[in-house]
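The values are calculated or read from the model by the stated rules, or taken from the named source; none is laboratory data. All values derive from a computational prediction rather than experimental measurement. A quick note on method: Cβ atoms are made from the backbone with ideal geometry, for glycine too, and the neighbour counts reach across all protein chains shown. Note: accessible area is taken over every heavy atom of the protein model, side chains too, but ligands, DNA and RNA are not part of it. Shrake-Rupley method; radii C 1.70, N 1.55, O 1.52, S 1.80 Å.
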Amino acid sequence: WDNADFSRGVGTTFYQEFSTLNTAKTPFVRDVEAKVRRYLKSSYSAAWTLKITWEKAPAYAAQTDTRRTNTYQAVLTTDGFRSYVLMLYQEGGMRWDYTRLPTTNVLIGYT
């Protein structure tokens with residue numbers, strides 16, 4: 001995990017909420033449900049989903065390099081009883097210069 005820095009006007013963050021209790025499910029929500037079912041081998045039907053996207057986010061401190069950006073998402077979803085988060089990263093992995101961090105044993109995601 002590292003800090004994104006939007007202070008130089010590079011990159012953006014946006015979100016989209018999907019309330020699916022009484023409405024038809026979008027292809028995105030159906031895809032999220034399929035991922036939860038596949039990875040957890042359980043039945044799952046989303047009642048609510050939130051997609052947060054950090055697009056072209058530069059690393060902190062942005063004044064040193066705004067060319068090496070990352071795009072990633074966090075998808076929160078619940079059926080009202082169980083909740084999950086999917087962490088999705090751009091193809092090609094981390095583009096920030098991790099050698100400039102205080103520790104260089106970094107990984108994308110969590111353990």
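Annotation: residue 2 fulfils all but one of (1) modelled with pLDDT of 85 or more; (2) of a type in the set (D, E, K, R); (3) open to solvent by less than 50 Å² (accessible area, probe 1.4 Å); the unmet one is (1). Among the residues examined, residue 57 qualifies as modelled with pLDDT under 95 and of a type in the set (Gly, Ala, Ser).
Criterion first (among the β-branched types (Val, Ile, Thr), in contact (Cβ under 8 Å) with a residue 12 or more places away in the chain and open to solvent by 40 Å² or more (accessible area, probe 1.4 Å)) does residue 13 satisfy it? Write out each step before concluding.
Details: among the β-branched types (Val, Ile, Thr): yes; in contact (Cβ under 8 Å) with a residue 12 or more places away in the chain: yes; open to solvent by 40 Å² or more (accessible area, probe 1.4 Å): yes.
Answer is yes for this residue.
Taking the stated definitions as given, is residue 50 under 29 Å from residue 25 (Cα atoms) and modelled with pLDDT of 90 or more? I'd like the intermediate steps shown before the answer.
Values: under 29 Å from residue 25 (Cα atoms): yes; modelled with pLDDT of 90 or more: yes.
The answer is yes for residue 50.
The set of residues from the stretch 66-82 being out of contact with any helix residue (DSSP H, G or I) (no Cβ under 8 Å at 6 or more places or on another chain), in a strand (DSSP E or B) and either modelled with pLDDT under 95 or open to solvent by less than 40 Å² (accessible area, probe 1.4 Å) (or both) comprises 69, 70, 71, 72, 73, 74, 78.
I'm trying to understand the selection: among the residues of the stretch 1-60, which are closer than 15 Å to residue 77 by Cα and in a strand (DSSP E or B)? If the condition is that a residue be closer than 15 Å to residue 77 by Cα and in a strand (DSSP E or B), then 15, 16, 17, 18, 19, 48, 49, 50, 51, 52, 53 are the ones that fit. Of all residues in the stretch 19-65, which are β-branched (Val, Ile, Thr), within 19 Å of residue 96 (Cα to Cα) and open to solvent by less than 80 Å² (accessible area, probe 1.4 Å)? Of everything in the stretch 19-65, just one residue is β-branched (Val, Ile, Thr), within 19 Å of residue 96 (Cα to Cα) and open to solvent by less than 80 Å² (accessible area, probe 1.4 Å), namely 53.
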